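Below you'll find the structure, written out as structure tokens, and then a few comments.
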Amino acid sequence: MSDPLPPGLHIVATPIGNLGDLSPRAADTLRRADRILAEDTRVTAKLLQHIAARVPMGRYDDHSSDEQRERIVAELGDRAIALVSDAGTPLISDPGYKLVRAARAAGHSVHTVPGPSAVTAALTLAGLPTDRFLFLGFLPAKAKARAEAIAEVAGVRATLVLYESGPRLCATLAALAEGFGQRDAAVAREISKLHEECVTGTLSELTERYFNAAPKGEIVIVVAPPGEAASASNEEIDTAIDEALLRLSPSRAAAEVAERLNVPRKRAYARALERSK
């Protein structure tokens, strides 16, 4: 008989598709837990059947009350409770952070069993920069709120990752194209499942592709960071310098134009001297 798990909260990542992605440690933790908290017990029951585990389950989701959370925390002193979501890593766009915070505040141990995550899996498929990325979860459903959320992150110099459903995919891609312009992007769906695919292109191209063909399955959108701003041409600099020279000395005109057009001050000053003759 296996030794019991240490008391506390055990955060266990579960497969996002292929059940073979469940790690041996995750399976062992779930088998040895005193109780499992699941987002949907029907979904988790299939996973437990796959690993031949018979462990009592309870439900924990966004609708769980403060009182329910307090009862769970009270058990952590002498019981090992595992927290899972329907798929992937708990707390990543899934309920759980309040429970972790409450467990820590009460002095209980919190353990993590890392594993599958649709966020990182989609990043590996998209072929876009991964040195910096920002996870946005789901964008708002209403158009105005969605546009505001997109505008808020338009200047973030990082790859963006967000979740979406099939019926909303086209509208979201169109809103992203409107807010970001022609950035490269990828739509990954059914990751690790039989019909896994990752389609790449500009946001406009992807909008057109899915215009009349809403895909099924779990979907992750990955959007490239903004490109470097195009350098101002000599003609643009000269036009700005000419206007500034009507009001300012060459040196001050150059400083103003350099800041406004984001060009080196030395370059702007050289043009200002030339135009002032």
Exception for Leu19 within (1) modelled with pLDDT of 95 or more; (2) touching a His at 6+ places or on another chain (Cβ under 7 Å) falls at (1)
Determine whether Ala254 is surrounded by fewer than 20 Cβ atoms within 10 Å (Cβ to Cβ) and in contact with a helix residue (DSSP H, G or I) (Cβ under 9 Å, 6 or more places away or on another chain).
-> no
Sole exception among (1) surrounded by 14 or more Cβ atoms within 10 Å (Cβ to Cβ); (2) touching a residue at least 24 places away in the same chain (Cβ under 8 Å) for Asn262, by number | (1)
Quick one: Thr44 ticks every box in (1) part of a loop (DSSP other than H, G, I, E, B); (2) hydroxyl-bearing (Ser, Thr, Tyr); (3) at pLDDT 95 or above bar one, so which box is it?
-> (1)
Subset of the range 265-277, residues crowded, with 16+ Cβ neighbours inside 10 Å, among the hydrophobic types (A, V, I, L, M, F, W, C) and touching a Pro at 6+ places or on another chain (Cβ under 9 Å), comes to Ala272
Collect the residues in the range 240-250 that are in a helix (DSSP H, G or I) and either touching a residue at least 60 places away in the same chain (Cβ under 8 Å) or loosely packed, with under 14 Cβ neighbours inside 10 Å (or both), keeping them in residue-number order.
-> Glu243
Regarding Ile237, is this residue in contact with a Pro (Cβ under 9 Å, 6 or more places away or on another chain) and assigned to a helix (DSSP H, G or I)?
-> no
Residue that is over 24 Å from Lys193 (Cβ atoms) and loosely packed, with under 12 Cβ neighbours inside 10 Å, where the choices are Asp34, Asp78 = Asp78
Starting from the range 51-74, take each residue that is touching a residue at least 60 places away in the same chain (Cβ under 8 Å) and at positive phi and list its partners that are part of a helix (DSSP H, G or I) and not small (Gly, Ala, Ser), counting only C-beta distances under 9 angstrom and pairs at least six apart or across chains.
-> none
Would you check which residues across the range 39-50 are touching a residue at least 24 places away in the same chain (Cβ under 8 Å) and surrounded by 18 or more Cβ atoms within 10 Å (Cβ to Cβ) and list them?
-> Glu39, Thr44, Leu47
Just to be sure, is Ala258 in a loop (DSSP other than H, G, I, E, B) and either modelled with pLDDT under 90 or within 19 Å of Leu139 (Cβ to Cβ) (or both)?
-> no
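The values are calculated or read from the model by the stated rules, or taken from the named source; none is laboratory data. Everything quoted here is computed from the prediction, not taken from an experiment. Backbone-built Cβ (ideal geometry, glycine too); neighbour counts: all protein chains shown.
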